[in-house]
Amino acid sequence: MIFETLAKSGHEEVVFCHNKDAGLKAIIAIHNTVLGPSLGGLRMWPYKSEQEAINDVLRLSRGMTYKNAVAGLNLGGGKAVIIGDPAKDKSEALFRAFGRFVNSLNGRYITAEDVGIDVNDMEWVFRETSFVTGVHQVHGGSGDPSPFTAFGTLQGLLASLNACYGNEDVGKYSYAVQGAGHVGMEFIKLLREHDAKVYVTDINKELVERAVDDHGCIAVGLDEIYDTDADVYSPCALGGTINEDTLKRLKCKVICGAANNQLASNEIGDEVSRLGLFYAPDYAVNAGGVMNISLEIDGYNRERAMRMMRTIYQNVSRIFEIAKRDSIPTYLAADRLAEERISTIGKLRLPHLGVTAPSFHGRRGN
Ligand code: NAD
């Protein structure tokens with residue numbers, strides 16, 4: 001049964017990690033290492049069943065293969081989950097036990113922060129393995145990725161405007177930004193630097209006030225964001241906001257934002273395409289975060305990070321080209337770009353067999 005599932009999803013390896021004393025129940029899923037070691041975050045969640053945890057780690061690790069491939073990284077896709085409540089079940093022993101399992105994979109899987117995990121948890125993991133990114137800046141880590149993700153989102157926007165309007169004049173267009181959190185607020189600042197008209201909404205009223213008072217945005221209601229006359233809809237909060245209800249209300253020509261899983265379903269993605277909207281696939285646009293942590297592997301450098309974010313422009317442009325070439329929606333074109341890259345590069349390289357710790361330059365463990 002499990003091997004049937006793995007055959008369908010294409011996973012290379014799934015590791016069940018157990019340590020009774022530490023209370024560790026974790027699963028590490030390595031989806032594909034053709035491009036390089038698998039990189040993807042560790043999620044801690046009180047899964048209702050083991051099956052739910054397995055489904056999640058398989059789905060998320062596969063997603064990382066596509067994201068890392070489109071981002072042009074020499075990295076494959078992996079992910080890990082710890083079954084537990086992040087509010088109650090965290091301990092030094094738990095994360096060190098997890099770190100030892102990561103280390104045993106000898107670099108085939110590199111971990112990072114995801115939902116339920118913070119930089120302090122990563123310190124414990126880092127005690128046991130070098131195969132970890134998203135560690136604190138004092139250890140040579142990269143710190144908060146949000147400004148980079150926002151800058152990357154701007155690159156995706158430039159490519160989208162070019163595909164739709166044939167120019168990249170950010171200030172000429174109007175924007176509906178949903179979510180003024182870590183990424184959204186930084187993105188708003190970039191848009192306002194170009195004097196663009198920006199509508200904003202957030203469930204956090206203070207953030208909306210800040211966007212209006214400090215950055216000159218126009219506040220709209222939570223639901224009203226779908227009815228504005230903005231040229232660009234920019235989801236920077238939740239997933240699934242492009243759905244049957246909202247799509248018929250959107251008046252924009254371009255959809256480009258940082259949120260994960262923006263399309264409620266593939267059918268909605270098809271409909272977006274039929275309506276002639278220019279949808280910049282979320283995982284290509286918001287790759288700034290993973291690009292940023294990937295640089296920790298060779299020694300983090302801010303300038304290299306900014307340079308790398310600019311490649312999002314080429315990636316998103318290429319996706320629009322493939323969509324046109326093959327007459328397919330852009331969400332499928334993004335998958336095709338990932339598969340083409342894995343296939344082409346895969347012919348040049350053997351599956352990755354693990355890196356040695358010394359290639360993790362510039363960082364000190366304890
Ligand atoms: P965040 O939590 O700082 O910001 C999200 C904001 O959305 C919050 O201010 C929240 O109040 C608001 N929000 C929640 N529900 C809302 C709703 N219904 N309507 C309007 N606003 C709502 O998170 P973030 O780090 O800014 O990430 C934003 C999105 O980008 C997420 O989907 C995240 O997965 C994705 N993303 C972030 C990064 C990164 O570098 N932080 C990287 C890749 C993807």
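The values are calculated or read from the model by the stated rules, or taken from the named source; none is laboratory data. Everything numeric here is computed off the predicted structure, so don't read it as measured data. Heads up, the Cβs are rebuilt from the backbone with ideal geometry, glycines too, and the neighbour counts pull from every protein chain shown.
When you check H194 against the structure, is it in the same structural domain as L154 (by TED's automatic domain parsing), near the ligand (Cβ under 10 Å from one of its atoms) and not acidic (D, E), yes or no? Break it down stepwise before answering.
Details: in the same structural domain as L154 (by TED's automatic domain parsing): yes; near the ligand (Cβ under 10 Å from one of its atoms): no; not acidic (D, E): yes.
Taking the combined requirement at face value, the residue does not satisfy it.
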Tell me which residues, restricted to the range 86-141, are crowded, with 19+ Cβ neighbours inside 10 Å and hydroxyl-bearing (S, T, Y).
Y109, T111, T129, S130, T133
Restricting to the range 192-221, name every residue that is part of a helix (DSSP H, G or I) and touching a residue at least 24 places away in the same chain (Cβ under 8 Å).
R192, L207, V208, R210, A211
Please go through the range 318-339 and pick out each residue that is closer than 21 Å to G166 by Cβ and within 18 Å of the chain's Cα centre (by Cα).
I319, T330, A333
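Looking at G36, G78, G10, G63 in this structure, which one is surrounded by fewer than 17 Cβ atoms within 10 Å (Cβ to Cβ), touching a His at 6+ places or on another chain (Cβ under 9 Å), under 25 Å from L332 (Cβ atoms) and of a type in the set (G, A, S)? Give the derivation first.
Working: G36 fails: surrounded by fewer than 17 Cβ atoms within 10 Å (Cβ to Cβ); G78 fails: surrounded by fewer than 17 Cβ atoms within 10 Å (Cβ to Cβ); G63 fails: surrounded by fewer than 17 Cβ atoms within 10 Å (Cβ to Cβ).
The conditions single out G10.
Table: residues versus (1) touching a helix residue (DSSP H, G or I) at 6+ places or on another chain (Cβ under 6 Å); (2) surrounded by fewer than 22 Cβ atoms within 10 Å (Cβ to Cβ); (3) among the acidic types (D, E).
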position	(1), (2), (3)
G184	no, no, no
H194	yes, yes, no
V198	yes, no, no
A230	no, no, no
S234	no, no, no
G239	no, yes, no
K251	no, yes, no
C256	yes, no, no
A264	no, yes, no
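Take the range 95-135 and flag every residue that is β-branched (V, I, T) and assigned to a helix (DSSP H, G or I). Quick ask: steps written out before the conclusion?
Filtering the range 95-135 for residues β-branched (V, I, T) gives 102, 110-111, 115, 117, 119, 125, 129, 132-133, 135.
Hits for the range 95-135 are V102, V119, V125.
A quick yes/no check of all residues on (1) within 12 Å of the ligand (Cβ to nearest atom); (2) aliphatic (A, V, I, L, M):
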| site | (1), (2) |
| --- | --- |
| H215 | no, no |
| D223 | yes, no |
| D227 | no, no |
| D231 | no, no |
| D245 | no, no |
| I255 | no, yes |
Tell me which residues, restricted to the range 142-174, are surrounded by fewer than 20 Cβ atoms within 10 Å (Cβ to Cβ), at pLDDT below 95 and not in a helix (DSSP H, G or I).
G143, D144
So which residues in the range 283-319 are surrounded by 22 or more Cβ atoms within 10 Å (Cβ to Cβ) and polar (S, T, N, Q)?
N286, N292, S294, N315
Report, by residue number, each residue of the range 146-175 that is within 16 Å of the ligand (Cβ to nearest atom) and either under 21 Å from the mean Cα position of the chain (by Cα) or at positive phi (or both).
S146, P147, F148, T149, A150, F151, G152, T153, L154, Q155, G156, L157
Restricting the first residue to the range 321-332 and requiring it to be in a helix (DSSP H, G or I), which pairs with a second residue that is of a type in the set (V, I, T) and surrounded by 13 or more Cβ atoms within 10 Å (Cβ to Cβ) meet a Cβ separation below 7 Å and a spacing of at least six or different chains?
A323/T330; T330/I319
Considering only the range 64-79, I want to know if a residue exists there that is on the phi > 0 side of the Ramachandran plot and at pLDDT 95 or above.
yes
